Amino acid sequence: MRDGEWVAGTGAELRGVLKVMVDAGWLPGGVAVVGSGGLWEFIAIGRVGIECGEAVTAPDTYYDVAGLTQVMATWPLVGRAVAEGMLDLDAPMSHYFPGSYPGGAVTARQILTHTSRLNPVTWLERYVGTDQPLAEAILSEELEEPGYRSTDRGFILLGLLLEHLHRQPLDQLADDLWRHIGLTETRYGPLPRTASVAPTERRIPGVAATWGVVHDESAALMGGVAGHAGVFSTATDLGIFARGLLAWHAGEHGVTPFTSFVRQSWLPHRAVDSRFARGLAWKVTDDGLVYHNGLTGTSLFLHPSTGRYVGLLTNAIHYGRRRPGLCDLRAAVRSAFTG
């Protein structure tokens, strides 16, 4: 199928699924970007959220990308640090945070593949009011048994490590990176409570929804800037980011250390189940699809062999954490690449 036909057909399919979800009252609305090569198309369905009246979604509506923070901020910053010789993926954390900690032998590679054995329960509330720096507190926890366990703690630790290496706050490091690659609408919060920002969850009945500030509780405890959550972005920037990554993978900028990092990241490093393996930060399927999801209802799918991609931004969590229909929406995206 030609690129133009694929973009149009996939766009029509996603438009239909999103409309069903909005009409059913499963989410207020959502935006998608579908692209291949130099072509892209945007789909915007529904409203921004209850707090925003009748404001409709658009490609420049800001969404809390939640877990996509891991691949939009932390992962590329780790790749840059590796390319610049500042970080060794296989060096123990004790090399960077000297001391005798149970987690001192954990490596960045293990964190990126979710095999670090760090506690899978984030639960940063336990450290509120203590005197120990957060990186040391995380490393001081006893390790779990060997195996695969998805955990946010590792990406929190990587964010702290990047700040330690560069002697700069993570949001400043990320801003510099994003501007360098052409992302002008991606940033850590807080953002103004306007109709251009989609609210997330109403955690307690009768109060306002979380709006313009990070949804993730642990990231909120860290001031809204963390390695695992906290980033807001738009469909336009998500498309630019996808195009840029696919270009790096294809070697369009020459074969650089960062190109090698991207290619290594999109290989299967750890088998998880029949659905996917873990690359470095990313999920990888047998048919070459690379993707990552966010709790709020966001996703980014890339297919390096064809140069095709789909980015999804929704606030599916706005009506509660069940998020009905979201699995079907993501399945529709996957079938567009593999069907």
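The values are calculated or read from the model by the stated rules, or taken from the named source; none is laboratory data. Not measured: the values here are computed from a predicted model. Methodologically, a virtual Cβ is constructed for each residue, glycine included, from the backbone with ideal geometry; neighbour enumeration extends over all protein chains shown.
Let me confirm something: among E41, E54, which residue is more than 30 Å from G227 (Cβ to Cβ), surrounded by fewer than 23 Cβ atoms within 10 Å (Cβ to Cβ), at pLDDT 95 or above and not polar (S, T, N, Q)? Answer to the selection: E41. Tallying residues that are surrounded by fewer than 24 Cβ atoms within 10 Å (Cβ to Cβ), in a loop (DSSP other than H, G, I, E, B) and touching a residue at least 12 places away in the same chain (Cβ under 8 Å) within segment 290-322 yields 7. Within the set M72, M86, the sole residue that is at pLDDT 95 or above and not in a helix (DSSP H, G or I) turns out to be M86. Across segment 117-166, which residue is surrounded by the most Cβ atoms within 10 Å (Cβ to Cβ) among those that are farther than 18 Å from H228 by Cα and small (G, A, S)? Step by step, filter segment 117-166, then rank; the result is S140. Count of segment 34-68 residues, restricted to those that are part of a strand (DSSP E or B) and farther than 24 Å from R322 by Cα, is 7.
Every condition in (1) in contact with a helix residue (DSSP H, G or I) (Cβ under 7 Å, 6 or more places away or on another chain); (2) closer than 23 Å to E145 by Cα holds for V78 except the one numbered (2). Just for segment 196-232: of the residues that are among the polar types (S, T, N, Q) and either touching a strand residue (DSSP E or B) at 6+ places or on another chain (Cβ under 6 Å) or part of a loop (DSSP other than H, G, I, E, B) (or both), which one is nearest to T184 (Cα to Cα)? Looking at residues that are among the polar types (S, T, N, Q) and either touching a strand residue (DSSP E or B) at 6+ places or on another chain (Cβ under 6 Å) or part of a loop (DSSP other than H, G, I, E, B) (or both), I get S196.
For every residue, the table says whether it meets (1) within 15 Å of V78 (Cα to Cα); (2) in contact with a Leu (Cβ under 7 Å, 6 or more places away or on another chain).
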position	(1), (2)
P133	no, no
E145	no, no
T151	no, yes
I156	yes, no
T184	no, no
P199	no, no
A219	no, no
